[in-house]
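Accompanying notes for the structure given below.
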Amino acid sequence: MEIVILPKPEDVLDAGAKIVEDQIRSHPRSVLGLATGGTMEGVYERLIGRRLDFSGVQTFNLDEYVGVGPDDRGSYAAYMRKYLFERVNLKPENCHLLDGTTSDIRAHCQAYEDAIKRAGGIDLQLLGIGHDGHIAFNEPGSSMASRTRLKTLTPDTRKNNAPHFPEGEEVPLHVLTMGIGTILDTRRCVLLAYGKNKSPVIAQAVEGPLTAMCPASALQWHRHCTLIVDEEAAHKLARQDYYKFVYKNKPGS
Ligand code: GLP
């Protein structure tokens, strides 16, 4: 795993957006894996400002709430329209999202996996991280080999995500999410995090054991994962001086 430690949250967002920009400019027909959450808002904002041509790009989102339709304000479909889809020239038929109102969850999740495969696999996956180490909505205990499926959120995750949900509406208990195995199959993934409150989980994910109790630790097993954090999120990493040294001496940079 490549660990990049940058001074400020804005630097993390700039660096994340730059990786996506480079991917689209060098491969205009890229397949992107997209994430939601507060962290990603700044990444999408930056991408919009860079006048990229998304016309050949395909996207697959990580997760969606069960029982929430694409037109509901709390859906990740609505989030994506607001922060990205309505503001760039992505073709609607190229934007893939899980449908939380599907009547056949098993078949729908399998169809999503099949669609990723048909698209040729995900070239670049964006990831945030939950305070409990979740990636997408793979909560602690999720199988490292898991594929897209139904999951139950922890009370903490529901509480943390409540501010992003329309006022007066409860965060659903169940979600559909790509699995950890699905994420490990992506060609490259980039996890972004900033702020002091993410520092314990960043330390666990990077320097702790590979364990289902911290789903993000599975990324230690990913073939090409870059983790970009600010100084605050990095401050519990025991080997931060080494990571900075490696980054400073990165060949070709
Ligand atoms: C949600 C998403 C995750 C994301 C997390 C982090 O739970 N399902 O994919 O990683 O939010 O959110 P934030 O960036 O707001 O900390």
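The values are calculated or read from the model by the stated rules, or taken from the named source; none is laboratory data. The shown structure was predicted, so the numbers you read here are calculated from the model rather than taken from an experiment. Glycine also receives a Cβ, built like all others from the backbone with ideal geometry; neighbour counts cover every protein chain displayed. Remember, those area values only see protein heavy atoms, side chains included, never the ligands or the DNA or RNA. Shrake-Rupley method; radii C 1.70, N 1.55, O 1.52, S 1.80 Å.
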Item to check | Greater than 22 Å apart at Cα, pairs in Lys91/Lys159; Lys91/Lys151; Lys8/Lys248; Lys151/Lys236; Lys8/Lys236 | outcome: Lys91/Lys159; Lys91/Lys151; Lys151/Lys236
Checklist entry - Using a 1.4 Å probe, what is the accessible area per residue for the chain, in Å²? => result 47
Checklist outcome for this item: The rounded separation in angstrom of the Cα centers of the range 124-166 and the range 57-88 is 16
Checklist entry - Order of 166-176, 58-68 by packing, highest average Cβ count within 10 Å first? => result 58-68, 166-176
Checklist entry - How do 204-211, 75-82, 152-159 rank on mean C-beta neighbours within 10 Å, highest first? => result 75-82, 204-211, 152-159
Next on the checklist: At 1.4 Å probe size, with the rest of the protein present, what percent of the exposed accessible area of the chain is carbon and sulfur atoms?
Outcome noted: 51
Checklist entry - For the pair Lys196 and Glu93, what calculated FRET efficiency results from E = 1/(1 + (r/R0)^6), where r is the Cβ-Cβ distance and R0 = 45 Å, to the nearest 0.05? => result 0.60
Item to check | In order through the range 184-189: 3J(HN,Hα) via Karplus (6.51 cos²θ - 1.76 cosθ + 1.60), integer Hz, x for Gly, Pro | outcome: 5, 6, 5, 6, 8, 9
Checklist entry - Which order do peptides 183-193, 28-38, 105-115 fall in by mean Cβ count within 10 Å, highest first? => result 183-193, 28-38, 105-115
Checklist entry - Which far-off residues, 5 or more places away or on another chain, put their amide H under 5 Å from the one on Ile122, with H placed in the peptide plane? => result Arg187
Item to check | Per residue convex hull volume, Cα atoms of the chain, in Å³ | outcome: 120
